[in-house]
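The values are calculated or read from the model by the stated rules, or taken from the named source; none is laboratory data. This structure is a prediction, so every number in the text was calculated from the model and none was measured. All Cβ positions, glycine included, derive from the backbone under ideal geometry; neighbour counts span all protein chains shown.
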Amino acid sequence: MKKVWSTFITLVILVVASSWFVSGLWSRKEEKLVLPQQLVFTPGESLDTFMAGNMIPDAVMAKVLGKTAVADKGVPLASLLANPPLSSAELQTKLLKAAALASEDAGKDWQKILPKFALWAIFLFVSFRALTQGRFNRKTRKGYYLGAVVLFGVAFGSDPSPMGTVKDAIVLLAREGVVFPPRLIALTVFLLTVVLANKAICAWGCQLGVLQDLVFRLNRNQADTKGILKQYKVPFVISNGVRVVFFLAFTAVAIVVGMDFIESVDPFKTFNPTHLGLTGAIAAGSLLVASLFIYRPWCHFFCPFGLVSWLLERFSLNKIRVDENVCTLCGSCERACPSDVMGAILHKKKVIPDCFSCGTCTEVCPTKAISFGRKQP
Ligand code: SF4
Ligand code: SF4
């Protein structure tokens, strides 16, 4: 029991301290481009005066009126709006949308994002092979989680993340009425991995997901089948109910008030501790303590990507499968599975909870009836 707590505390301190150090090494790209919500128009003014008065950068104006208009800014604004006709209200809407997209782009560190996606692809491929070949066991599993925490969390930080693609897309659409194309591409890629290999990105790539999984396994016996301190399997109907309500509330608040209420308690910021704040630190700390006793609490109770990917899981080509001709219904896998999912699969329930492809069930099955892969013809 003492060992569980001391290992947990050591791990959390090491993750936070090394993330704090590494995040200081990356270039800081947080430029926010905020235009006044109500632009000021003065009769007879030139484009130059209008842009200066409203702090509109050339690049944003060029997106709306074209590069040639911005090349000669001495022209009266009214003449530019006459052909093709554009009212000042329409111009304002277009400028605010263009500014929102430019702001998103300015805040992205592409030198970090592109290598992270490349490493995700390699890491997911390697773990997928290991899973389909049944090579995961209690030691390699923990090693993979630790490697993914270090690589995708400590080294590459809190952003991008699978959750961010859903959360930030909802907020930007609700607030500004625009979709940031690179985020849409990232979300599509993540969802494709769900269709190809269940929740592969959650299982082995999401920085917060793997940290929660690693913490959970610190509180397991040597065989990785049971908690040392008592662990709880919350019925899926409860955890998923909370997750659906949380998702709807988050979306409604984003639409009505334009607010992102996850931001101040976002546990992904564990990997970017200078942005945590007191509320965030309490929330992230509580979540990590809860992860010792409940399997992946953020994923099951709150994560917007967790919910969306769960809906898609039923269409996954590769997933956990049980060979009924070999299975003796001994229940070993159901007991060892960290959540309710193996029980639901075994008892052919209509609603199957999220499976995080951990491979514990395949490892403990005495008759080797369980495998991860495509459905056999
Ligand atoms: S469900 Fe969990 S693993 Fe998946 S994106 Fe959300 S936090 Fe990460
Ligand atoms: S069914 Fe349970 S034990 Fe098996 S891979 Fe899924 S989450 Fe892990």
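Show me the helices (runs of 4 or more DSSP H) entirely contained within region 149-231 in which 1 or more residues are within 16 Å of ligand 2 (Cβ to nearest atom).
By residue number, 181-197, 207-218.
Tell me which residues, restricted to region 359-374, are under 26 Å from the mean Cα position of the chain (by Cα) and within 8 Å of ligand 2 (Cβ to nearest atom).
GLY359, THR360, CYS361, PHE372
Among (1) farther than 30 Å from TRP204 by Cβ; (2) in a helix (DSSP H, G or I); (3) free of Cβ contacts under 8 Å to residues at least 12 places away in the same chain, which single condition is PRO84 missing?
(2)
Each row is one residue, and each column tells you yes or no for (1) modelled with pLDDT of 95 or more; (2) within 11 Å of ligand 1 (Cβ to nearest atom); (3) farther than 15 Å from GLY107 by Cβ; (4) touching a strand residue (DSSP E or B) at 6+ places or on another chain (Cβ under 9 Å).
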{"position": "ASP159", "(1), (2), (3), (4)": "no, no, no, no"}
{"position": "LEU173", "(1), (2), (3), (4)": "no, no, yes, no"}
{"position": "PHE190", "(1), (2), (3), (4)": "yes, yes, yes, no"}
{"position": "ASN198", "(1), (2), (3), (4)": "no, no, yes, yes"}
{"position": "CYS202", "(1), (2), (3), (4)": "yes, yes, yes, no"}
{"position": "GLY209", "(1), (2), (3), (4)": "yes, yes, yes, no"}
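With (1) more than 22 Å from PRO181 (Cα to Cα); (2) at pLDDT below 85; (3) loosely packed, with under 15 Cβ neighbours inside 10 Å as the list, and LYS67 as the residue in question, which single condition is left unmet?
With (1) more than 22 Å from PRO181 (Cα to Cα); (2) at pLDDT below 85; (3) loosely packed, with under 15 Cβ neighbours inside 10 Å applied to LYS67, the lone miss is (1).
Could you list, in sequence order, the residues of region 178-223 that are surrounded by fewer than 19 Cβ atoms within 10 Å (Cβ to Cβ) and within 21 Å of SER332 (Cβ to Cβ)?
Passing the criteria: ASN221, GLN222, ALA223.
Which ones in region 20-55 are under 26 Å from HIS275 (Cα atoms), out of contact with any Gly (no Cβ under 7 Å at 6 or more places or on another chain) and modelled with pLDDT of 85 or more?
Within region 20-55, TRP20, PHE21, VAL22 meet the criteria.
Identify all residues within region 102-137 that are at pLDDT below 90 and assigned to a helix (DSSP H, G or I); write none if there are none.
ALA102, SER103, GLU104, ASP105, ALA106, TRP110, GLN111, LYS112
Tell me the residue from GLY331, GLY359, GLY306 that is within 16 Å of ligand 1 (Cβ to nearest atom) and farther than 30 Å from PHE250 by Cα, please.
Every option except GLY359 fails the conditions.
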